[in-house]
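Notes follow the structure.
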Amino acid sequence: MSGLLGAFDDYRRSGVSRFVQTALVIDNEAEMRPSYATPPVSRPATRGGGSVLKAAHSTDLHTGSDSFPHTGSESIIEAIAEQPSHQLNAKHLTDAWSERAVICGLYRPERGEDMVARATKAAAHADVVIIDWFLEGASSVRAKEIIVNILKNDLAENGRLRLLAVYTSQSGVSIIAKEILEAAEEAPELKNSLRLEGSVLTGPSVRICVLSKPQAVGMSDVDKVDEGHLPNRLIAEFAYLSIARLSTNRPATGRRSGG
């Protein structure tokens, strides 16, 4: 029986993969190189309210300035060790999409540019959009604005099958999903359009999942997937979306008319 279920699952994924033709990665720390470089850690950080990290001191470690709170050297070292790298191995990820005959674009926003407008336009025809949670410093504001803008644009276009994936080193995937829901609920046209189930949000034509980069710290409330396996995971998530769409007797198409 398990063999039959596995065969059906493979068949379902192969069928869904025909609808997944384009993907877009939005990450300000994407690196087009085959392996991670160890990033310099300039300051320990702790998570405060919402999704903004609070720095524990005001100067770089390399300056020699003693501006740490007096918590002892062991606490400082532990804080540094617990801060994850937010880098993305973009080459590994785009190569993995290429092996599945999916075109994958990369947008690496920089501070000071209108990243929300650019990201929204770039995502217009992407079946799968992968978004880092912290796009500007240690704030999730821009990521939430991009997600809401994409949802609003899709609604104005009468909907399309769309998978959005937040891919982050920040732990607390269910908390992040809840923050996305709260941001969407603030837009009148999106109110009551999404349903939250753990770390996944679902709507009539959209599925939003929150996944963890492999370097995410801890084992609680994380869902770690490395870049090489991310396309397969997202194709599976897209399969759930297409099945839900078919169950409502609506046409399962990932393409816009004229697009």
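The values are calculated or read from the model by the stated rules, or taken from the named source; none is laboratory data. Since this is a predicted model, take the numbers as computed values, not measurements. For neighbour counting, all protein chains shown are included, and Cβ atoms are generated from backbone atoms with ideal geometry for every residue, glycine included. Keep in mind that these areas ignore ligands, DNA and RNA; they rest on the heavy atoms of the full protein, side chains included. Shrake-Rupley method; radii C 1.70, N 1.55, O 1.52, S 1.80 Å.
Let me confirm something: among Leu164, Leu151, which residue is at negative phi, of a type in the set (A, V, I, L, M) and out of contact with any Leu (no Cβ under 7 Å at 6 or more places or on another chain)?
Leu164 is the lone residue from the list that is at negative phi, of a type in the set (A, V, I, L, M) and out of contact with any Leu (no Cβ under 7 Å at 6 or more places or on another chain).
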- [ ] Could you grab me the full set of residues in the range 84-125 that are of a type in the set (D, E, K, R) and farther than 30 Å from Gly218 by Cα?
- [x] Glu99, Arg100, Glu113, Asp114, Arg118, Lys121
Open item on the list: Quick test of your reading of the structure: Pro214 fulfils all but one of (1) in contact (Cβ under 8 Å) with a residue 24 or more places away in the chain; (2) under 22 Å from Trp97 (Cβ atoms). Name the failing condition by number.
Closed with: (1)
TODO: Being modelled with pLDDT of 95 or more, among the acidic types (Asp, Glu) and more than 14 Å from Ile208 (Cα to Cα) narrows it down to one of Glu74, Glu185, Glu113, Glu136, so name that one.
DONE: Glu185
Open item on the list: Take the conditions more than 23 Å from Glu110 (Cα to Cα) and either open to solvent by 30 Å² or more (accessible area, probe 1.4 Å) or hydroxyl-bearing (Ser, Thr, Tyr) (or both) and apply them to Leu181. Does it pass?
Closed with: yes
Open item on the list: Based on this model, can you work out whether Glu157 counts as in contact with a Lys or Arg (Cβ under 7 Å, 6 or more places away or on another chain) and open to solvent by 70 Å² or more (accessible area, probe 1.4 Å)?
Closed with: yes
Task: Members of the range 95-137 found to be of a type in the set (A, V, I, L, M, F, W, C), surrounded by fewer than 21 Cβ atoms within 10 Å (Cβ to Cβ) and in a loop (DSSP other than H, G, I, E, B), listed by number - done: Ala101, Val102, Ala124
